[in-house]
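Data first, discussion second: the structure below is written as structure tokens.
The values are calculated or read from the model by the stated rules, or taken from the named source; none is laboratory data. Keep in mind that this is a model prediction, so the values were computed, not measured. Cβ placement follows ideal geometry from the backbone for every residue including glycine, while neighbour counts extend to all protein chains displayed. The protein model used for the area step is the full one, side chains on, heavy atoms only, and it has no ligands, DNA or RNA in it. Shrake-Rupley method; radii C 1.70, N 1.55, O 1.52, S 1.80 Å.
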Amino acid sequence: MKRLKLFKNIYFYYVLFAALFASKMIGFNVITDMGTNFRTILANAGFIMILIGFPMFFEKKNQIRILALINIVLDFILAVDLFYFDYYKNFFSFFSLRHAGQLGEVADSLAYLFKPIYFVLALEVILNIIIIILISKIEFKEENFSDKAVRIFALLLCGIFMLNSTFYLARKKDKWVLTAMYDKKFIVQNTGILGYHYFDFRKFSNENNFMKTLNVAQAKELNNLLQEKNNNKPAFYGKYEGKNLIIVQIEAFQHFLIDKKINGIEVTPNINRLKNEEIYLSNFYHEISNGGTSDAEFAANTGLLPLPSGAVYYLYPFNKYESIANKLKEKGYLTSAMHGNDAGFWNRATVYKTLGFDKFESIDKFNADEMVGIGLSDQSFFRQAVEKMKNYEKPFYSFLISISSHYPFNDKKFKDFDVGNLDGTLLGNYLQSAHYTDKAIGEFVDELKRTGLWDNSVVIFYGDHYAIPYGNKEQLEKAIGEKINDDIDWTNNQRVVSIMHIPDFEVKGEVSTVSGQADIAPTVADLFGFSLSKYVGEDIFNKSKEYVIFPDGSFIYRDKIYLQSQNKMFDMNTKSESNDYDIINYIKKLYDYSAMIIRNNL
């Protein structure tokens, strides 16, 4: 009878809800290493009061049902955030809903990133469903609204006060972060994960507000900044006008693959050979945000940065971009993009027209004779791509995107490369997939040489993004043979493979200049003799500042790194604080103006 009496007490359910809520928020912060502090405690207490106060407007059975449903929604949100954090080292954004169709590409990742916490959350969902079903069998003594009105409004007002206090304290630490959303970690650490989602939803809802005209002062400063970047033309400017251009974006090709051996056998022998024969960029970084592969494409083809939230390909697909394809079309080039997957992924069919590609040859334009992973095998893709390019009108620009080495790297086709005791692990699978793609690249280069395209083309290879997610960083540590202790170490290991074949060029061998994907378009512009007026990258062979900027606002400048989350610059070797405020302010302007160019369709 005492147990039954407990279940008839409405406050039992409120205490249960509060306890579960608090434990989940603390557990989430522990798992994601966000920490718990006064501000997050205050924010979570505010959310508890609001979420408890709202159901009290209803009769008691419905109060309990609402609490159970809220719990289920919270479990789902936390599960999505945890998976997203493990995969992207970031938190889920409502902007990602605009490209939700791409999530199927990484569904297999759940197997590798599964953690016991997902099982706990699933059990809690089941518990709440049982409560919803069984609560109809319990009778409660109802209250008049007048008896509980003061309690309801006290809870709601107290909760709102606590949240506003938290937001005020966060803004005192960083005035603009809750508006610009450029540092998601900071927001989670200062307002809790639900506070982050509140501001993310507000930004998502108000995104159209960014499509406004710059004021006169901003427009003048932007013009001066970009004009300064256009004044310095190299001696080789326009030397390769009339040559073909082939850019190959390689799926998940991280820098540590270079010269790596397993049991004495090279993982990427063909890339290693190209590294020794051509131009090898040893400090080349990816610059992706929520848009993943599409962000890499965007940065490389425009010289602009991806946005800190959402994918440009979905948010701004109809802008007038100064892209490589648009510029080369003005010079009479045929332009094409090729990818062994469906044309709808990442909104490519729409965006490629905006970027100036005459042709988009997706999987329906290829003979799907061999499928690997999530698309046409790289071997088949590259072989057929050469046949297509051989028959193109000359000169042409072709942008090729490989796919076989896509996460989670577990196709049977890869298994002929022995990785020893790494077999069956994420790292082992990745090394096998990279070995396969490397073989396909070797065959691709041989075919380009056989058809005469190699000698008459500038060919650029680069990796699109990391391969090993943050949630599996211990496997990346195995690969590099070092411990990843902090954000400096993690960022330094976000380099990707990049090799350039430029016939009869004045530079050969290793180029250690700090560079990234947004530097490709300005480099191509100088090589092929056209001007860009709206970009933030630099010609890799004619850099004045030597930086690479990341979409969260962090950047590397020569041997220093600025971490947005700490608002400090560090020496990358000693890790000691080493602020250069002139450089910080300059690059922050570039970062801000890149977003303004996109959002205002300049």
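The string of couplings for the range 269-275 from the Karplus curve (6.51, -1.76, 1.60, θ = phi - 60°) is x, 6, 4, 4, 5, 4, 4 Hz, one whole number per residue in order, with x for Gly and Pro.
Please report the net charge: other residues with Cβ closer than 14 Å to the Cβ of S136, K and R +1, D and E -1. Intermediate results must be reported in sequence, preceding the final value.
Values: positive: K8, K60, K61, R65, K137; negative: E59, E139.
Counting the neighbours of S136, the net charge comes to +3.
Which FRET efficiency, nearest 0.05, do K508 and D342 yield, Cβ-Cβ r, R0 22 Å?
Numbers: r = 39 Å, r/R0 = 1.78.
Using R0 = 22 Å, I get an efficiency of 0.05.
Pop out the carbon and sulfur fraction of the accessible area of the chain as a percent, whole number, probe 1.4 Å. Carbon with sulfur: 55 percent of the solvent-accessible area.
Round to the nearest 0.05 the FRET efficiency obtained for K478 and K320 when R0 = 41 Å and r is the Cβ-Cβ distance. Let's see the in-between values first.
Values: r = 46 Å, r/R0 = 1.12.
Plugging the Cβ-Cβ distance into 1/(1 + (r/R0)^6) gives 0.35.
Each peptide in 396-403, 72-79 gets a packing score, the mean of other Cβ atoms within 10 Å over its residues, and the list from highest to lowest is 396-403, 72-79.
Indicate the gyration tensor shape class of the range 239-544 (rounded, prolate or oblate), computed on the Cα atoms with a ≥ b ≥ c the square roots of the eigenvalues: a/c under 1.5 is rounded; otherwise a/b larger than b/c is prolate and the rest oblate. Present the calculation step by step, with values, prior to reporting the outcome.
Values: a/c = 1.41, a/b = 1.30, b/c = 1.08.
Because its axes are fairly even, with a/c under 1.5, the range 239-544 counts as rounded.
The range 514-584 and the range 317-344 have Cα centres lying 25 Å from one another.
Axis angle, to the nearest 10 degrees, between helix 10-31 and the longest C-alpha principal axis of the chain: 30 degrees. Over all other residues within a Cβ to Cβ distance under 13 Å of N263, the charged ones net out to -1, with Lys and Arg as +1 and Asp and Glu as -1.
Would you count, across the range 229-279, every pair of lysines whose alpha carbons are under 21 angstrom apart, provided the pair is eight or more residues apart or spans two chains? Lysine pair count for the range 229-279: 4. Sequence-ordered 3J(HN,Hα) estimates for the range 402-409 from the Karplus curve with 6.51, -1.76 and 1.60 and θ = phi - 60° stand at 7, 8, 5, 8, 7, 3, x, 6 Hz, glycine and proline given as x. For the pair K589 and K390, label points projected 7 Å from Cα toward Cβ lie 5.2 nm apart.
How charged is the neighbourhood of T425? Take every other residue with its Cβ under 13 Å from the Cβ of T425, and add Lys/Arg as +1 and Asp/Glu as -1. Mind showing how you got there, number by number?
Numbers: positive: K478; negative: D423, E474, E477.
Taking every other residue near T425 into account, the sum is -2.
Just subtract the alpha-carbon distance of A79 and R202 from 0.36 nm times their residue separation and send over the number in nm, one decimal. Please list the in-between numbers first.
On the way: separation 123, 0.36 × 123 = 44.28 nm, distance 2.15 nm.
So the chain would gain 42.1 nm between A79 and R202.
At a probe radius of 1.4 angstrom, the accessible area of the range 457-602 per residue rounds to 34 square angstrom.
Axis angle, to the nearest 10 degrees, between helix 116-134 and the longest C-alpha principal axis of the chain: 40 degrees.
For the peptides 142-153, 515-526, 29-40, what is the packing order when you average, over each peptide's residues, the other Cβ atoms within 10 Å and list the highest mean first?
Per-residue mean Cβ counts within 10 Å order the peptides as 515-526, 29-40, 142-153.
Per residue, the solvent-accessible area of the range 220-355 (1.4 Å probe, heavy atoms of protein chains only, all protein chains present) comes to 32 Å².
Order of 322-331, 5-14 by packing, highest average Cβ count within 10 Å first? Intermediate results must be reported in sequence, preceding the final value.
Details: 322-331: 20.3, 5-14: 13.9.
Those peptides, ordered most packed to least, come out 322-331, 5-14.
Full extension of the segment from I160 to I133, taken as 0.36 nm per residue of separation minus the current Cα-Cα distance, would add 6.6 nm. Contact order, relative form, for the range 239-544: 35 percent (alpha carbon pairs under 8 Å, 6 or more residues apart, mean separation divided by residue count). Measuring between their Cα centroids, the range 30-89 and the range 366-391 lie 47 Å from each other. Candidate cross-link partners of K8 among the lysines, defined by an alpha-carbon separation under 18 Å and a same-chain spacing of 8 or more, comprise K60, K61, K137, K141, K148. Computed from Cα atoms, the angle from the helix 184-205 axis to the main principal axis of the chain rounds to 80 degrees.
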